[in-house]
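Asker: Before I ask anything, let me first share the structure, which is written out below as structure tokens.
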Amino acid sequence: MPEAPRPGGEDGGESGVGEFYDRITEVMVAAMGGFLHGGYWEGPDDPSTVEEAGARLTDFVSDRLRLTPGARVLDVGSGNGKATAHIAARHGVRVTGITISPQQVRQAGDLVRARGLADSVGFEVHDMLALTFPDASFDAAYAIESACHAQDRTDVFAGLARVLRPGGLLTVTDFVLLRPLESDEHRALVEAANKNFQQGPMLTQDEYEACVRAAGLEVVEFVDIGEFVRPSYRIVGGNLARSWEALKGLVSEEEFHYMVEDLSRFGDITELGYAVVTARRPGPRTAEGRI
């Protein structure tokens with residue numbers, strides 16, 4: 001397969017990822033039912049909409065954080081803010097969302113204001129690899145399909161371990177390697193995905209858990225829900241294929257072709273899983289008892 005263009009630009013890195021999402025967030029959100037991550041489908045005949053599946057995956061993540069009303073929560077890679085608002089409203093918590101895309105901060109701010117959540121939800125441009133929040137600022141944190149952009153996941157988890165209060169929980173979703181890639185086609189698809197979206201290498205479960213522990217966190221749960229997420233790629237790819245007019249001027253025709261083609265086939269890579277990893281900062285629960 002020919003090498004795909006790099007949506008993030010030739011420089012790569014966090015600035016390239018931010019520039020890419022500044023350009024394509026609005027169209028990706030439309031294709032993904034308002035969210036900016038995959039969905040959870042209960043079976044091959046699940047009649048859910050993309051939005052319903054996206055909400056179900058968001059709930060799967062937030063339920064692992066054992067949130068109680070008033071808790072302070074950090075959303076790492078908050079995107080357009082829909083998952084952030086969903087979690088804040090469902091659990092009655094206060095959420096700070098961070099992203100490296102100024103455009104996403106503006107979109108997310110508009111969304112929470114429209115939903116009357118501006119008093120409990122806020123967004124800022126912030127690098128997940130250089131968190132400036134004080135130690136122990138948050139009761140819980142989550143990262144839905146954002147830690148994958150780090151070349152070394154330990155760097156992300158170490159920063160989150162610092163800003164979590166003792167006993168605080170972190171839940172992350174990420175792609176994991178269940179077994180070696182079996183074909184040149186699958187290897188090319190994974191390589192293209194890593195390059196196009198400027199992702200770090202995909203790790204095995206053992207490697208992933210080692211990164212969590214190296215950051216000073218305890219692994220609470222590691223579950224693969226890949227079979228329930230895979231339908232997302234074909235459905236979203238099909239939605240994107242019908243979005244060329246909206247994407248003109250934002251991406252090249254060649255870039256669009258690779259986005260649609262690669263995404264539509266990504267769910268066929270059964271050697272990859274979709275992990276939901278929950279970790280805990282060692283120590284007793286906070287005095288407020290909110291964890």
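Asker: Being under 20 Å from Glu26 (Cβ atoms) and either hydroxyl-bearing (Ser, Thr, Tyr) or outside any loop (DSSP other than H, G, I, E, B) (or both), is that true of even one residue in the stretch 263-271?
Answerer: yes
Asker: Give the stretch 113-126 a look and list any residue that's farther than 25 Å from Gly159 by Cα and buried (at least 16 other Cβ atoms within 10 Å of the Cβ), or say none.
Answerer: Result: Leu117, single match.
Asker: Could you tell me whether Leu129 is aliphatic (A, V, I, L, M), open to solvent by 40 Å² or more (accessible area, probe 1.4 Å) and closer than 25 Å to Gly81 by Cβ?
Answerer: Answer is yes for this residue.
Asker: Okay, next question. Which of the following residues is free of Cβ contacts under 8 Å to residues at least 12 places away in the same chain, more than 15 Å from the chain's Cα centre (by Cα), on the phi < 0 side of the Ramachandran plot and outside any loop (DSSP other than H, G, I, E, B): Asp119, Asp155, Asp110?
Answerer: Asp110
Asker: Within the stretch 210-249, how many residues turn out to be closer than 19 Å to Gly34 by Cα and of a type in the set (A, V, I, L, M)?
Answerer: Here the count works out to 7.
Listed here are the residues, each with its yes/no results for (1) over 15 Å from Tyr274 (Cα atoms); (2) in contact with a helix residue (DSSP H, G or I) (Cβ under 9 Å, 6 or more places away or on another chain).
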| position | (1), (2) |
| --- | --- |
| Arg153 | yes, yes |
| Gly159 | yes, no |
| Val163 | yes, no |
| Pro166 | yes, no |
| Leu170 | yes, yes |
| Asp174 | no, yes |
| Val190 | no, yes |
| Asp206 | no, no |
| Gly226 | no, no |
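Asker: Pick from Ser183, Ser137: which is open to solvent by 10 Å² or more (accessible area, probe 1.4 Å), hydroxyl-bearing (Ser, Thr, Tyr) and within 30 Å of Asp110 (Cα to Cα)?
Answerer: Ser137
Asker: Moving to a separate point now. Could you please let me know if Ser232 is within 21 Å of Gly77 (Cα to Cα), out of contact with any Asp or Glu (no Cβ under 9 Å at 6 or more places or on another chain), surrounded by 15 or more Cβ atoms within 10 Å (Cβ to Cβ) and of a type in the set (S, T, N, Q)?
Answerer: yes
Asker: Examine the stretch 272-280 for a residue that is in contact (Cβ under 8 Å) with a residue 12 or more places away in the chain, buried (at least 16 other Cβ atoms within 10 Å of the Cβ) and in a loop (DSSP other than H, G, I, E, B), and state whether such a residue exists.
Answerer: no
Asker: I'm checking my understanding of the structure. Among residues of the stretch 210-229 that are in contact with a Gly (Cβ under 7 Å, 6 or more places away or on another chain) and not hydrophobic (A, V, I, L, M, F, W, C), which one is least open to solvent (accessible area, probe 1.4 Å)?
Answerer: Gly226
Asker: Given (1) open to solvent by less than 50 Å² (accessible area, probe 1.4 Å); (2) out of contact with any helix residue (DSSP H, G or I) (no Cβ under 9 Å at 6 or more places or on another chain); (3) not basic (Lys, Arg), where does Asp110 come up short, assuming only one miss?
Answerer: (1)
Asker: Among the helices (runs of 4 or more DSSP H) confined wholly to the stretch 1-94, which include 3 or more residues that are open to solvent by less than 20 Å² (accessible area, probe 1.4 Å) and at pLDDT 95 or above?
Answerer: 50-63, 82-91
Asker: I need every pair where a residue in the stretch 177-204 that is in contact (Cβ under 8 Å) with a residue 24 or more places away in the chain has its Cβ under 8 Å from the Cβ of a residue that is open to solvent by 90 Å² or more (accessible area, probe 1.4 Å) and in a helix (DSSP H, G or I), sequence separation at least 6 or different chains.
Answerer: Leu181/Arg187
Asker: Scanning the stretch 242-271 for residues that are small (Gly, Ala, Ser) and at pLDDT 85 or above, which turns out most open to solvent (accessible area, probe 1.4 Å)?
Answerer: Checking each candidate, the answer is Ser264.
Asker: Another question, then. Being at pLDDT 95 or above, outside any loop (DSSP other than H, G, I, E, B) and surrounded by fewer than 21 Cβ atoms within 10 Å (Cβ to Cβ) narrows it down to one of Glu191, Glu207, so name that one.
Answerer: Of the residues listed, the single one that is at pLDDT 95 or above, outside any loop (DSSP other than H, G, I, E, B) and surrounded by fewer than 21 Cβ atoms within 10 Å (Cβ to Cβ) is Glu207.
Asker: Restricting attention to the stretch 95-107, and to residues there that are under 18 Å from Glu26 (Cα atoms) and not in a helix (DSSP H, G or I), which single residue is most open to solvent (accessible area, probe 1.4 Å)?
Answerer: Ile100
The values are calculated or read from the model by the stated rules, or taken from the named source; none is laboratory data. Keep in mind that this is a model prediction, so the values were computed, not measured. Note that we place each Cβ from the backbone using ideal geometry, even for glycine, and neighbour counts take in every protein chain shown. The area values use the complete protein model at the heavy-atom level, side chains included, leaving out ligands, DNA and RNA. Shrake-Rupley method; radii C 1.70, N 1.55, O 1.52, S 1.80 Å.
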